[in-house]
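Structure record follows, encoded as structure tokens.
The values are calculated or read from the model by the stated rules, or taken from the named source; none is laboratory data. Being a predicted model, the structure only gives us computed values, none of them experimental. Note: ideal-geometry Cβ built from the backbone for every residue, glycine included; neighbour counts use all protein chains shown. For the accessible areas, the whole protein counts, side chains as well, though only heavy atoms, and no ligand, DNA or RNA atoms are used. Shrake-Rupley method; radii C 1.70, N 1.55, O 1.52, S 1.80 Å.
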Amino acid sequence: MDQTIPRGTMTSFAPPVMIGGEIPLIDISDFLAGKPGAAEKAAAELCYAFENVGFYYLAGHGVPRALIEAQYEQAARFHAMPMEEKLALKVNEHTIGYMPIPDKAPPNAAAQGKKPSQNEAYFLRRERDPNDPDVIANRRFHTANQWPANLPGFREQTLEYMSTMEALCRKLVKLYALALDLPESYFDTCFDPPHMILRQSRYPQIDGGDDTVASLVPHTDSGFMTLLPPNKVQGLSILLPNGEWMDAPYVEDAFVVNGGDILHRWTNERFLSTPHRVRNVSGTLRYAIPFFCDPDHDTIIECLPSCQSVANPPKYPPIKFGDYALWFAAQRYQHMAKVATPSAAEVTPGARATEAWKS
């Protein structure tokens, strides 16, 4: 039966464990086991996380450690390929494929006086059949993946990981709905199926004394939910509400999860989209495999009914998620710079999406 927490009754509830004294740790094992009251408890903790920090650590998620470690191994295998083989899969206008370290800073980095982000990345989206109507029509962000030809087992392992992550996210969106005083099934049709991206990145060592260079410049994410699996090689930093940068500690078996600008917009800025960055000064290569889970691209993003009132009217006009995603990508990626997108006036992005974040 669909659960609903009566509107206006959800309160921010700090979890008993706060990582570094700042970032909540939310254990969803009881929720996944279907224990009474577990959904409400996890939703209240999630509400606290997004109203106060914009990040949380996710424990009890059920994703096997071996599967996560295997995906890190696959990311390293991909990036160890000769450059000519990676460039044969060079990222296209759908942001699918291999993106080398850019030679020019994109607009969001240039606005901060930064050099190009020092990372190379390989992007995959939902696996699609060649006969899929979206593939045939060359629909933006809905075309076939580009797979390496000479990595046995890479495709199979990666698709298993992506499928596991998708299943987890489709369960998590129920907690997001409850956290926002909505029926737990509220977002189900928006994520049936979700749009998803797996970015597999390699970060070389950077000069920690050069403030103009970063592994990944300060930024906010575009979408609804980003999940970073546990990473023993640190480098992620989060901009806390007090304006200080906090290095995100490694927590065994816990994902680091954050929301993006669409969640911020959908909730009428109630839930935070928090800036973060990566600086790899670890002395070794760093790999990252963030998984991005977003609504279907035809989803209309308009202020949720529980996030508006006469005193707090909607701050943004409705927009299709796909249109916003296209605009956002053009601000971030050199290969998208010449793609026709909605204008900033049409998108009317909030301050979180346009401010030049300073390190």
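Of everything in segment 67-89, what is open to solvent by 70 Å² or more (accessible area, probe 1.4 Å) and either free of Cβ contacts under 8 Å to residues at least 12 places away in the same chain or of a type in the set (A, V, I, L, M, F, W, C) (or both)? Give them in sequence order.
E69, E73, A80, M83, E84, L87, A88
Restricting to segment 202-231, and then to whatever is β-branched (V, I, T) and outside any loop (DSSP other than H, G, I, E, B), can you tell me which residue is modelled with the highest pLDDT?
T226
May I ask you to list the residues in segment 151-163 that are farther than 13 Å from I197 by Cα and either open to solvent by 40 Å² or more (accessible area, probe 1.4 Å) or outside any helix (DSSP H, G or I) (or both)?
Once the filter is applied, which keeps residues that are farther than 13 Å from I197 by Cα and either open to solvent by 40 Å² or more (accessible area, probe 1.4 Å) or outside any helix (DSSP H, G or I) (or both), segment 151-163 yields L151, P152, G153, R155, E156, E160.
For segment 194-205, does any single residue satisfy the condition of being touching a residue at least 24 places away in the same chain (Cβ under 8 Å), in contact with a helix residue (DSSP H, G or I) (Cβ under 7 Å, 6 or more places away or on another chain) and over 25 Å from A59 (Cβ atoms)?
yes
Could you check segment 233-255 and list, in sequence order, the residues that are within 15 Å of V281 (Cβ to Cβ) and touching a Phe, Trp or Tyr at 6+ places or on another chain (Cβ under 9 Å)?
Hits for segment 233-255 are V233, Q234, G235, S237, A248.
Looking at K114, K171, can you tell me which residue is charged (D, E, K, R), closer than 22 Å to G260 by Cβ and surrounded by fewer than 16 Cβ atoms within 10 Å (Cβ to Cβ)? Give the derivation first.
Values: K114 fails: surrounded by fewer than 16 Cβ atoms within 10 Å (Cβ to Cβ).
Unique residue meeting the criteria: K171.
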